[in-house]
Every structure is written in C-alpha cells, then in structure tokens.
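The values are calculated or read from the model by the stated rules, or taken from the named source; none is laboratory data. All values derive from a computational prediction rather than experimental measurement. Because the Cβ atoms are built from the backbone with ideal geometry, glycine has one as well, and the counts that use them run over all protein chains shown. Note: areas computed on protein heavy atoms with side chains; ligands, DNA, RNA excluded. Shrake-Rupley method; radii C 1.70, N 1.55, O 1.52, S 1.80 Å.
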Amino acid sequence: MPQWFDEYARLQQDDGEPLKVETSRVLAFLRSLRDRGVPAWQRLQAARAVEWYQALVLRNDEVDFVHFKQKLGELAELEKRAGVAVENGGGMPGEGLPGLIDPNEPAAVRKMRARMRVLHHPKSTEQAYVGWLVRFIRHLDDENVDKYGEPEIGHFLTELAVVGEVTAGTQNQALAALLFFLVSRGASMGPAMGAFRAPTHLRCVRKFVLRI
C-alpha cells in the first residue's frame, strides 16, 4: 500500500505543500494507472491507499471513495471472469512484484528489469543498466545472452574502451550493468573481470554487486 501512495504523491508535484486529496486528483491518478495498463484490482488497492491517507493523516472525508471502489471492484470482477492477466502479476515495484514489463523486450531484459525493481533500484539506474544490456545484445547479435559469460563481456568492454574511447566512468557503468546481469542469473564473478574496472569507480561497483 505505501508504494501506491508514493505513486499518488509523485503525481501531485506540490513542491513541499501538504499533499491534497481531491476528487479530481484521485480521478487523474487512477486514470494514469489505467492508461499504463495496471489491472483494476490493483487500481482498487491504489484507491484504498489514498483513502487511508485521507482518513488517518488528513482526518477528513472530503473525497467519497465509495464510487471509486465500487466501480473498480466491478471492473476487477469482469477482468477476472475474462481471464485478463498481466505478465509477472503486474503490481508496483516494492510490493514483491516487478510491475508492468513490456513482453516484446528480450527475455534477458525483462528478467533484469524484474530483478532490479524487486530490489528497489531507482528507475534511472534500471534504464541505464537495461541500455547497456541491450547494447551487449546488439554486440553479440543474439538475444539468448544466457549462454554467454565473462569472455564475451570482456570483449565488449574492451571494444568500448578501444574503439568507442569511452571514459572510465562509462566503462564502469557498463561493467556494473553486465555484472548485475551475470550475478542475478546465478553466475559467479571471476577474477578476470577486475581487469576491466577503472580504479576511480571500483568501490562503487563492488558495493552495487553486494546488493544483488
């Protein structure tokens, strides 16, 4: 529930002003979830989260949530009867579920997104790391990256440094992303990968890997 409320709060962007619960805001919030493909039963959870905030924190009943909950309950029942399902169970990051993931992305990318969301990594980090995994896939010209390991990653990083002439920070970010990919699929990190670390970011990379 707190994750749904955080999502509502981010949508308001009140810049330090007390968070308001108004019918128009709640409606806009629920519609934004609908437009993102969030199923009705989870939009119902979101509505209840905001309702609880109104009751427990604001201590008022300015917005009547009965209509929202009734309508969403009806939609949830219709979706259930129709067998509507969302890949990975839908959900919000932080609920033990990875949220909505594009089924058209490569399997390795979907797995990385799911793992990073369950571990509460920032969206910006997720986007950056997925970007490096996609570049690695293009480098291999093969979406089935599970069969590749340190040798191919080493070649990719060497190409970045020699051909791409990337900075140490950029190379370290690529390394961290691909180490995350390796470790999250159960592989161990061999000593050879240390040769590709730029020393200025070594401590950060180690700290990140320990979180996986």
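Can you give the accessible area of TRP132 in Å² (nearest 10), computed on protein heavy atoms with a 1.4 Å probe?
Rounded to the nearest 10, that gives 20 Å².
Using r as the Cβ-Cβ distance of LYS71 and ARG10, and R0 as 22 Å, what FRET efficiency do you calculate, to the nearest 0.05? Walk me through the numbers on the way to the answer.
On the way: r = 24 Å, r/R0 = 1.08.
Once the sixth-power term is evaluated, E becomes 0.40.
Could you tell me the calculated FRET efficiency between ARG25 and ALA107, based on Cβ-Cβ distance and R0 = 45 angstrom, to the nearest 0.05?
Rounded to the nearest 0.05, the efficiency is 0.75.
Along Cα→Cβ, 7 Å out, is where each label goes; now give me the distance between the ones at SER32 and LYS123 in nm to one decimal.
0.8
Can you tell me how much longer the chain between ARG138 and ASP64 gets when fully stretched, taken as 0.36 nm per residue apart minus their C-alpha distance, in nm with one decimal?
21.5 nm
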